[in-house]
1. Could you point to the residue in SER125, GLY202, PHE230 farthest towards the positive end of the chain's charge dipole, with +1 and -1 charges on the Cβ of Lys/Arg and Asp/Glu respectively?
2. Enumerate the amide H contacts of ALA52 below 5 Å, restricted to partners 5 or more residues apart or on another chain; note that Pro and chain-start residues carry no placed amide H.
3. Can you work out ³J(HN,Hα) from phi for every residue in the range 9-24, in order, using Karplus 6.51 cos²θ - 1.76 cosθ + 1.60 and θ = phi - 60°, giving whole Hz and x for Gly and Pro?
4. Assuming R0 = 30 Å, what is the FRET efficiency of LYS255 and GLU345, from their Cβ-Cβ distance, to the nearest 0.05?
5. 222 nm [θ] for the chain, helices only, -39500 (n - 2.57) per DSSP H run of 4+, per residue, to 500?
6. Sorted by average packing, counted as other Cβ atoms within 10 angstrom per residue and highest first, what order do 330-337, 303-310 take?
7. So for MET64, MET55, fewest C-beta neighbours within 10 Å to most, what's the order?
8. Separation between the ALA209 and THR40 pseudo-spin-labels, each 7 Å from Cα along Cα→Cβ, expressed in nm?
Amino acid sequence: MRIGMVTQQADPSDSVLGFTVAWIEALAARLESLSLITLTAARCALPSNVQADHMAKGSGKVRMALRYWSILQRILPQVDVLFCHMVPRYAWLAAPLARWHNVPIVLWYVHRHLGIELRAALAVSRAIATADLSSFPLRSPKVRPLGHGIDTSRFKPDPRLPLDAPPLIVQVGRLSPIKHQATLIRASAKLTLPHQIALIGGVPGNHDAAYAQQLRQLAVDLGIAERVRFTGALSPAEVLSWYQRATIAVNLSPKGLFDKAALESMLCGVPTVVSNAAFDRLLAERAQQLRIGAPDDVDGLAQRLEALLRAEPAERQALGAALRAGASSAHSLDGLADRLVALFEEVSP
């Protein structure tokens, strides 16, 4: 198959979108060719069957749109499907040209935000690919839950890295009220066993700078500032190292936010406490140990963490191994790439 793919960037060092390079590589390995369109020029070597172009981000919205259409006019006669990654605008802007060339659009979207652009993208797309039914905010027969695509050859335990002492509890995500880092700080203050906390993530564009400062002050007010570390934004490689050194991970993303950070920690063999019921299928009988009822359930989180800290290391290791096996089966990059290509074949003329 020949696929056109539109995504924001191809930069493996990006703390948020670095994973897209692995997606491009995995898809390219299964395709005859992949025509890639990004906002800025790719910052890495790409497979030989990938032809990359970009919209010249920074040149102004009108010029970027005109350049996008110019690129599409060139590549659409040569592709079977146009795959738009995460940004609904890419889909509806491309729709008139795609229809003219009889090229179906598939949109990948994993977010709870619902707006007019997403509704427009749904209308013009032949199919919507998403990680889980809960990760797309509209109900439609077009929606296909395919799992998150995480590189299991990277996200895995590293026996060369000893677990931190005292035990390390990590929470990965931008510092934002929707991630509920305050719940973890409050739960930490209730724990009786020695431990340390790492809040891994920055404040993109200083959008939630006030919340970040409130978290620091909360740790001071509770008398636990010495055990709480704020790492700021880190590279993907640095985040991976924190996962691999952790005893426990926490993810408190709410309903509708099927956060792949929870899956990344599970793939690293780390017992991971979550609040989103969408993980119940993956947790199975382990849900009693690893899920709390709500993102702000401080007492529930403290109870789960205390029990995990008291467990024998072998018990935690077995729990982590079971989570890795389940997450790998449902959310590996290879599995997702296979399912995406099958979807492309299904919708192509």
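1. SER125
2. The list, which skips near neighbours in sequence, is LEU36.
3. 6, 10, 9, x, 8, 5, 5, 10, 10, x, 5, 5, 5, 4, 4, 4
4. My answer for the efficiency is 0.35.
5. Details: 13 runs with 140 residues, N = 349.
It lands at -12000 deg cm²/dmol.
6. Result, highest mean Cβ count within 10 Å first: 330-337, 303-310.
7. With the sparsest Cβ surroundings first, the list reads MET64, MET55.
8. That separation, rounded to one decimal, is 2.1 nm.
Any read-out appearing in this document is the output of simple, stated calculations on the displayed coordinates, not a laboratory observation. What you see is a predicted model; the values in this text were computed from it and never measured. FYI the Cβ positions are ideal-geometry reconstructions off the backbone, even for glycines, and counts take in every protein chain you see.
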